[in-house]
Amino acid sequence: MSEDIEVIFLGVNDAGMRVYDWLCDQSGVFVRALLTTKEQLTVIEDTAPDLVISCGFRHIVPEHILSIPDMGCLNLHPAYLPYNRGANPNVWSIIEGTPAGVTLHYMDSTLDTGDIVARREVETDFADTGKDLHERLENAQVDLFKSTWPDIIGNKIEPIEQHDDSGTYHRTDDFDSLCELDPEATVQIKQFLDRLRALTFSPYDNASIQVDGETYYVDVNIRRD
């Protein structure tokens, strides 16, 4: 019987694919499957892998699935938990001035609240757009996972518990509301620029404003002297 660690990977985004490809190249690891939909989670029940790893998976995994792997289920989240649980953490780090970063944590029955395995802050700059920070966070996720992998397989993890009364959380609906600019609003310049640069993510049209019955889309470009 093989002594390889059997892994099932959950993911769909760029960082997830990079971690998946890296894992597939590691000796002593057998990546049994890459799952991208909630319906495919039955594969975990059927195969009972040693470890589940998630990066970019868009669904909450049920508790009965999380209890199957002996080594647990780990998720990479592009935020410095407990800050910015949930959707669009790159945007909210800019908007709210919370620490930007990446976290590897155990998955539990709720979203991004499991014990922290490792985390790393990522530097930000006033010239950052939401896209700039998103790309930096994706790179940091991959680097964090690679550097933490020896501790994972060596059983050297010392998890840090998250507390319900700390951190921040945002839904996709919060992002949608942020995109609608009120033409009659009075704003503070710095806060408004933070909002616009957080929503600037070419080629997507995020920030919008309606003037004289027409919809206009707004991006911002901030440059250092």
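The values are calculated or read from the model by the stated rules, or taken from the named source; none is laboratory data. As the structure is a prediction and not an experimental result, all values here were calculated from the model. Neighbour counts are summed over all protein chains in view; Cβ atoms, including those assigned to glycine, are modelled from backbone coordinates with ideal geometry. Each accessible area value is taken on the protein alone, full model and side chains, heavy atoms only, with ligands, DNA and RNA left out. Shrake-Rupley method; radii C 1.70, N 1.55, O 1.52, S 1.80 Å.
Relative intensity of region 15-80 on a log10 scale, I(q)/I(0) at q = 0.22, 0.24 Å⁻¹, equals -1.04, -1.23, per a Debye sum over C-alpha point scatterers of equal strength in the absence of solvent. The lysines whose alpha-carbon is closer than 18 Å to the alpha-carbon of Lys156, local same-chain residues fewer than 8 away aside, are Lys146. Would you mind counting up the charge near Gly167? Only other residues with Cβ under 13 Å from its Cβ, with Lys and Arg at +1 and Asp and Glu at -1. It works out to a net charge of -3. The percentage of C-alpha pairs in region 170-225 whose separation is greater than 16 Å is 47%.
Straightening the chain between Leu193 and Leu111 buys 26.6 nm, computed as 0.36 nm per residue apart minus the Cα-Cα spacing. Taken over region 1-129, the ratio of Cα radius of gyration to 2.2 N^0.38 Å equals 1.10.
By the rule of a C-alpha distance below 22 Å, with chain neighbours fewer than 8 residues away ignored, the lysines paired with Lys190 are Lys131. Geometric descriptor of the chain, per residue, is 144 Å³ (volume of the convex hull of the Cα atoms). In region 69-135, the ratio of gyration radius to Kirkwood radius, Rg to Rh, stands at 1.02 when only Cα atoms are counted.
Helix 189-199 sits at what angle to the longest principal axis of the chain, using alpha carbons and giving 0 to 90 degrees rounded to 10? Helix 189-199 sits at roughly 50 degrees to that axis. Equivalent-ellipsoid semi-axes for region 157-198 (Cα gyration tensor, √(5λ), whole Å, largest first): 32, 13, 10. For the peptides 130-136, 46-52, the ranking by packing is 130-136, 46-52, with the highest mean count of neighbouring Cβ atoms within 10 Å listed first.
Computed over region 103-225, the range of Cα coordinates on each principal axis works out to 62, 36, 25 Å, biggest value leading. Within region 1-52, the ratio Rg/Rh, alpha carbon atoms throughout and Rh by Kirkwood, equals 0.97. Using C-alpha pairs under 8 Å with a sequence gap of at least 6, the mean separation divided by the residue count of region 92-225 gives a relative contact order of 26 percent.
The listed residues Ser109, Ser27, Ser93 rank as Ser27, Ser109, Ser93 when sorted by accessible area, largest first, using a 1.4 Å probe.
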